[in-house]
Amino acid sequence: MKDSRHKQSISTDALDFSNLRMHLLTSDRWDDFRQLFGAQGACGGCWCMWWRLTRSEFEQNKGQKNKEAMRDIVHTGEIPGILLYQGSKPIAWCSIAPRERYPGLGRSRVLGRVDDKPVWSIVCFYIIKECRKKGLLEYLINAAVMYAQDEGATIAEAYPVEPQKGKIADVFAWTGIASAFRKCGFKEVARRSPTRPIMRLPL
């Protein structure tokens, strides 16, 4: 993943995909992650801790405590996901790691394990408002898959939403949209809810 720190403004009409760069979220990029997520922690003080905590822990930690928890994860050397930049500006995020890092998945009746195969889970996306609906979701999925493959993963797994009627509001699409994963080669392997398939891609 090439480094790029030069300044570049973002067009709200179209994105220059040749100027996009992907980087792992390491401690030296914490300030970029903090900038991207903003004062609200992306959504309601989440700071991408939803799948890492129990529901009661998450509610108690909303906001600053979730931010501190994610900062601690990053500064211990764990890689919780990848950042997408246009020029020097962070514009999007994807959380991906071995499924064991997300105990909330194991507690989910809908998203529990399909089998005992080791998988890397793609659990969350955040794209700044002006860059949504421009093809970045597929870009992020493919980048996450490449990262997982580089780390020795043999299966990538995802838990997108598949709306039954029409469009879905951005706030409810944070795990991704099933159609985007299909475009990236993922296949449905289980569905315990009408709108929540479990999808996989062998690597």
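Below are the figures for this structure:
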read-out	value
Qualifying residue in the range 45-53 (condition: touching a Cys at 6+ places or on another chain (Cβ under 7 Å) and closer than 23 Å to V145 by Cα)	yes
Matching residues, the range 44-61, being out of contact with any helix residue (DSSP H, G or I) (no Cβ under 8 Å at 6 or more places or on another chain) and crowded, with 16+ Cβ neighbours inside 10 Å	none
Every residue from the range 55-86 that is in contact with a Pro (Cβ under 8 Å, 6 or more places away or on another chain) and within 23 Å of L105 (Cα to Cα)	M70, I73, V74, L83
Hits in the range 20-54 - residues which are within 12 Å of the chain's Cα centre (by Cα) and in a loop (DSSP other than H, G, I, E, B)	L25, A42, W47, C48, M49
Per-region count, the range 121-161, residues of a type in the set (D, E) and touching a Lys or Arg at 6+ places or on another chain (Cβ under 8 Å)	2
Yes/no for F58 being assigned to a strand (DSSP E or B) and not small (G, A, S)	no
Residue within the range 164-175 that is surrounded by fewer than 17 Cβ atoms within 10 Å (Cβ to Cβ), in contact with a Leu (Cβ under 7 Å, 6 or more places away or on another chain), of a type outside the set (A, V, I, L, M) and not in a helix (DSSP H, G or I) present	no
The listed residue being of a type outside the set (A, V, I, L, M), surrounded by 15 or more Cβ atoms within 10 Å (Cβ to Cβ) and farther than 25 Å from V189 by Cα, out of G81, G41, G77	G41
Which numbered condition G87 fails, given (1) at negative phi; (2) touching a residue at least 24 places away in the same chain (Cβ under 8 Å)	(1)
Among (1) modelled with pLDDT of 95 or more; (2) in contact with a strand residue (DSSP E or B) (Cβ under 8 Å, 6 or more places away or on another chain); (3) surrounded by fewer than 17 Cβ atoms within 10 Å (Cβ to Cβ); (4) not β-branched (V, I, T), the one test that M199 misses	(3)
Residues located in the range 110-152, provided they are of a type in the set (D, E, K, R), modelled with pLDDT of 95 or more and more than 19 Å from G81 (Cβ to Cβ)	R113, D115, D116, K117
Qualifying residue in the range 116-139 (condition: among the charged types (D, E, K, R) and surrounded by 18 or more Cβ atoms within 10 Å (Cβ to Cβ))	no
Residues satisfying the stated conditions in the range 156-192, i.e. within 17 Å of V114 (Cβ to Cβ), at pLDDT 95 or above and either polar (S, T, N, Q) or more than 16 Å from the chain's Cα centre (by Cα) (or both)	T175, K187, E188, V189, A190, R191, R192
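The values are calculated or read from the model by the stated rules, or taken from the named source; none is laboratory data. Just so it is clear, the structure is predicted and the values come from calculations on it, not from any experiment. Heads up, the Cβs are rebuilt from the backbone with ideal geometry, glycines too, and the neighbour counts pull from every protein chain shown.
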